[in-house]
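In what follows, a structure is listed as structure tokens, so that the remarks can point back to it.
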Amino acid sequence: MTTLRHRPYNFSAGPAVLPEPVLRQAAEEMLDWHGSGMGVMEMSHRGKEFISIYEEAEATLRVLLGVPSSFRILFMQGGGLGENAIVPMNLSQGGAVDVVVTGAWSQKSLKEASRYADARVAASNEAGGHTTLPAPATWALRDGAAYVHVCSNETIHGVEMHTLPDLGALGCRAPLVADASSHILSRPIDWSRVGLVFAGAQKNIGPAGLTLVFVRDDLLGRALPICPSAFDYTLVAANQSMFNTPPTYAIYIAGLVFQWILREGGVAEMDRRAAEKSALLYRCLDESGGFYANRVAREARSRMNVPFFLADESLNDAFLAGAREAGLLQLKGHKSVGGMRASLYNAMPLAGVQALVSYMADFARRHG
Ligand code: PMP
């Protein structure tokens, strides 16, 4: 096998960097998984080999996030946007859904939920350009809502909920649904505060296509009749995510990523690293004398996705070209926001962020 040396640092928002040991192991096992004579992509999802891969992935994930036995873990397809429809089809019963809009992704969730339910904005930070987090005490929550939707990390706007809201303390009995696509496994989840969490895999978990859903048992059995069977949580749960053929290779890679996280020290260690890496980058931005800026309120700043701007935007192309030369890839901001964005997922080593801030300081010295 070719030994990959000095891979560039990849700051893509997703699909995103994966741990190198995982990629190496997958490469080694490509033609023959554990002496089975088959690659994982070639196995029946019902055979004992794949079942063992699936069971280990699920068990490791349960340990990593301390998922209580009252939650089912579903390995689905359809991505985050798929879940924007699948969640209301499963939970809303056509009733009220309150959505907290904190950026582009919750905005999309609101729009999609409106097709199946009476979805309304409970709070929004749009007026400030999606740079703050509306305090939960100010959310307009309706009695009898089927659920409250939040995006706990807005990948495009770089706004993160560092704690999940305690809806019970607000007198709200609706379950909380959280789109945790872009920060899952970077911090613990307080399961007492959520009814459902979903996450597309292509940031902190593995290949695009796989979508994880954690759903509390008591929320099963509510799907609308129009819900496709393959997306009905009750059927998917009753069939251990094998109602239809699951994304087998993506589940295998996810399992390798889960084991990598465990070996590295678990979610607690990912949490510590996320704090360290993001603090380093925010310090570089804040201490650049205005050369660079992140516009998000400090308490709402994401540790995973850091959008930033050069004061002189005519330098953007030179910044990106120089970054590429320095082995720092995919730093261009989302087209709807502009500027730059550095995503610091679990698989981004501290050394990558150190290389980024040193490039940024040097660029600012040369152009400041
Ligand atoms: N939610 C969030 C928070 C995301 O970051 C993304 C993708 N970047 C999505 C949903 C949509 O995911 P997908 O493209 O897999 O449908």
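For segment 46-62, check the following and say yes or no: at least one residue is within 16 Å of the ligand (Cβ to nearest atom) and in contact with a helix residue (DSSP H, G or I) (Cβ under 8 Å, 6 or more places away or on another chain). Checked against the condition, which is being within 16 Å of the ligand (Cβ to nearest atom) and in contact with a helix residue (DSSP H, G or I) (Cβ under 8 Å, 6 or more places away or on another chain), segment 46-62 yields no hits at all. Per the listing Ala268, Ala323, Ala355, the residue uniquely within 27 Å of Leu23 (Cβ to Cβ), aliphatic (A, V, I, L, M) and buried (at least 20 other Cβ atoms within 10 Å of the Cβ) is Ala323. You will find that of Met360, Met348, the residue that is in a loop (DSSP other than H, G, I, E, B) and either in contact with a Gly (Cβ under 7 Å, 6 or more places away or on another chain) or surrounded by 13 or more Cβ atoms within 10 Å (Cβ to Cβ) (or both) is Met348 and no other. Tell me whether segment 128-141 contains one or more residues that are crowded, with 23+ Cβ neighbours inside 10 Å and among the β-branched types (Val, Ile, Thr). No, the conditions are met nowhere in segment 128-141. Of the residues making up segment 245-289, those that are touching a residue at least 60 places away in the same chain (Cβ under 8 Å), small (Gly, Ala, Ser) and not in a helix (DSSP H, G or I) are Ser288, Gly289. Here Leu81 clears all of (1) under 20 Å from Ala223 (Cβ atoms); (2) surrounded by fewer than 19 Cβ atoms within 10 Å (Cβ to Cβ); (3) more than 16 Å from the ligand (Cβ to nearest atom); (4) not basic (Lys, Arg) except the condition numbered (3). Mind checking whether some residue in segment 87-95 is within 15 Å of the ligand (Cβ to nearest atom), under 19 Å from Ala178 (Cα atoms) and assigned by TED's automatic domain parsing to the domain that holds Asp217? Taking every residue of segment 87-95 in turn, at least one turns out to be within 15 Å of the ligand (Cβ to nearest atom), under 19 Å from Ala178 (Cα atoms) and assigned by TED's automatic domain parsing to the domain that holds Asp217. Among the residues of segment 146-176, those identified as buried (at least 24 other Cβ atoms within 10 Å of the Cβ) and within 12 Å of the ligand (Cβ to nearest atom) are His149, Val150, Cys151, Ser152, Asn153, Glu154, Thr155, His157, Gly158, Val159, Glu160.
Entry remark, segment 97-129: residues being more than 16 Å from the ligand (Cβ to nearest atom), out of contact with any strand residue (DSSP E or B) (no Cβ under 9 Å at 6 or more places or on another chain) and not in a helix (DSSP H, G or I) number 1 in total. In this entry, Gly66 is excluded by the filter for residues that are of a type in the set (Gly, Ala, Ser), away from the ligand (no atom under 16 Å from the Cβ) and touching a strand residue (DSSP E or B) at 6+ places or on another chain (Cβ under 8 Å). Here Gly200 qualifies as within 12 Å of the ligand (Cβ to nearest atom) and crowded, with 20+ Cβ neighbours inside 10 Å. Anything in segment 220-241 that is surrounded by 15 or more Cβ atoms within 10 Å (Cβ to Cβ) and part of a loop (DSSP other than H, G, I, E, B)? List them, or say none. Of everything in segment 220-241, those that are surrounded by 15 or more Cβ atoms within 10 Å (Cβ to Cβ) and part of a loop (DSSP other than H, G, I, E, B) turn out to be Leu220, Arg222, Ala223, Leu224, Cys227, Asp232, Gln240, Ser241.
The values are calculated or read from the model by the stated rules, or taken from the named source; none is laboratory data. From a predicted model like this one, the values you see are computed outputs, not experimental measurements. A quick note on method: Cβ atoms are made from the backbone with ideal geometry, for glycine too, and the neighbour counts reach across all protein chains shown.
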